[in-house]
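The values are calculated or read from the model by the stated rules, or taken from the named source; none is laboratory data. Not measured: the values here are computed from a predicted model. Neighbour counts run over all protein chains shown; Cβ positions are idealised from the backbone, glycine included. When the accessible area is computed, the model is the full protein with side chains, heavy atoms only, and any ligands, DNA or RNA have been set aside. Shrake-Rupley method; radii C 1.70, N 1.55, O 1.52, S 1.80 Å.
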Amino acid sequence: MNKIDDCIISIWKEPDWTSNDIIKYIKPFISPLKVGHAGTLDPFAEGVLVVCIGKMTKQVSTIMEFKKEYNVEIKFGKRTDTLDHTGKIIKTKEYEYKDDAHIVSILDTFLGEIKQIPPMFSALKHKGQRLYNLARKGVTIKREARQVFIESIEL
């Protein structure tokens, strides 16, 4: 294997691996260098995980400020206790498709700067613990709305 020094690499994270699983897997190959990632992906998500090695770990916060792109699949008419497909369905509502223009008009309401309250089932930390771990224990923490900017959104 080639020697890995201070660098940034992109790794495709498969579903069911956590971002931390990836770091733990890489660590023995690059020891004694530091390793970290620039943003936690949900365990069920797949996508690019930006991994920083060695001196580049100091760039993590800068990288986390970069624009991101997400592709999502939405199922209308069902709500889960986790707000994602891994949760238990807690509410169902009949959804009647009108047309794409109707959906686009709703999506457009999310454009620009908006305030967003992070869900309890998120990777954010509260006093060193991931919110999703607290949520699984039945603990709810008051979360402040965060300013986010959505540059574009398309159906």
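Does the range 102-109 include one or more residues that are touching a residue at least 12 places away in the same chain (Cβ under 8 Å) and either open to solvent by 100 Å² or more (accessible area, probe 1.4 Å) or part of a loop (DSSP other than H, G, I, E, B) (or both)?
No, because not a single residue in the range 102-109 is touching a residue at least 12 places away in the same chain (Cβ under 8 Å) and either open to solvent by 100 Å² or more (accessible area, probe 1.4 Å) or part of a loop (DSSP other than H, G, I, E, B) (or both).
Does ILE8 fit the bill of being within 27 Å of PRO118 (Cβ to Cβ), in contact with a Cys (Cβ under 8 Å, 6 or more places away or on another chain) and of a type outside the set (Phe, Trp, Tyr)?
Here the answer is yes, as ILE8 does meet what is asked.
Considering only residues that are of a type in the set (A, V, I, L, M, F, W, C) and not in a loop (DSSP other than H, G, I, E, B), look in the range 37-49 and name the one that is surrounded by the most Cβ atoms within 10 Å (Cβ to Cβ).
LEU49
Take THR57 and tell me if it is among the hydroxyl-bearing types (Ser, Thr, Tyr) and either under 15 Å from the mean Cα position of the chain (by Cα) or part of a strand (DSSP E or B) (or both).
Here the answer is no, as THR57 does not meet what is asked.
Would you mind finding the one in LYS98, LYS34, LYS67 that is open to solvent by 80 Å² or more (accessible area, probe 1.4 Å), farther than 20 Å from ARG130 by Cα and in contact with a Cys (Cβ under 9 Å, 6 or more places away or on another chain)?
Exactly one residue qualifies, and that residue is LYS34.
Could you please find all residues in the range 77-89 being of a type in the set (A, V, I, L, M, F, W, C) and open to solvent by 100 Å² or more (accessible area, probe 1.4 Å)?
If the condition is that a residue be of a type in the set (A, V, I, L, M, F, W, C) and open to solvent by 100 Å² or more (accessible area, probe 1.4 Å), then LEU83 is the only one that fits.
State all residues of the range 110-124 that are open to solvent by 80 Å² or more (accessible area, probe 1.4 Å) and assigned to a loop (DSSP other than H, G, I, E, B); if no residue qualifies, say none.
The answer is ILE117, and nothing else.
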